[in-house]
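Report on the following structure.
The values are calculated or read from the model by the stated rules, or taken from the named source; none is laboratory data. The structure presented is a predicted model; accordingly, all values stated were derived computationally and were not measured. Backbone-built Cβ (ideal geometry, glycine too); neighbour counts: all protein chains shown. Only protein heavy atoms, including side chains, enter the accessible area calculation; ligands, DNA and RNA are left aside. Shrake-Rupley method; radii C 1.70, N 1.55, O 1.52, S 1.80 Å.
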Amino acid sequence: STSQAPPVVTQVREAVAPAVQQAQEKTGQLLSQAQQQAVSRLDEQKANAVGGLGAVAETLRQTGQQLRDNDQGVITQYVSQYSETAANQVEKVSSYLGERDVNQLIGDVESFARREPTLFIAGAFLLGLAGARFLRASAPPNSTTGSMGSSSTALATPASINTSWDGS
């Protein structure tokens with residue numbers, strides 16, 4: 001009986017091998033599709049970020065120009081210079097994002113995380129806090145539940161209101 005076990009195992013392997021191969025190919029195809037979709041979405045978000053950063057830089061420049069044009073005070077001049085410097089830095093970030101594809105950006109982030117793990121973790125934490133604040137601020141007002149949620153207050157319905165004059 002032990003001499004017959006290896007041929008049975010071999011037969012089972014041969015019978016299952018095409019199904020295993022097909023499953024591996026399908027898994028690879030699905031993984032490839034998921035990666036392509038993720039890269040496509042990230043490219044869209046990157047393009048949105050580049051456009052938004054360009055608008056921020058332009059707004060900073062306009063603010064600085066208006067300050068220069070309207071007031072010649074020392075503090076105003078410093079704020080004007082600061083807004084111009086900030087606009088230049090925002091433009092640098094925008095062009096950096098625009099010039100690189102998603103895979104290069106991911107590589108840059110990974111490289112930075114390896115070189116400066118503390119700064120990377122601190123930055124990720126701060127981004128998380130900012131994201132949480134943004135989500136909380138952009139949530140519809142009725143979506144929050146507090147101590148006065150719908151389950152803790154009873155509303156009078158027409159059927160529950162006593163309308164009889166006899167006190168019953």
Inset, instruction - Using the heavy atoms of the protein chains and a 1.4 angstrom probe, tell me the accessible area per residue for the stretch 1-144 in square angstrom. - result: 79 Å²
Inset, instruction - Using a cut-off of under 18 Å, list every residue of the stretch 43-65 whose amide N is near the label point 7 Å from the Cα of ASP108 along the Cα-to-beta-carbon line. - result: 43-57
Inset, instruction - Pull up all non-local amide H partners of ARG100: gap of 5 or more, or a different chain, and H-to-H distance under 5 Å with H placed in the peptide plane. - result: none
Inset, instruction - Could you tell me what percent of the accessible area of the stretch 74-114 is made up of carbon and sulfur, with a 1.4 Å probe and every protein chain present? - result: 58 percent
Inset, instruction - Lys and Arg at +1, Asp and Glu at -1: add these up for the other residues within a Cβ distance under 13 Å of PRO6 and post the number. - result: 0
Legend entry - Rg and Dmax [Cα atoms of the stretch 1-112; Å; Rg one decimal, Dmax integer]: 29.1, 101
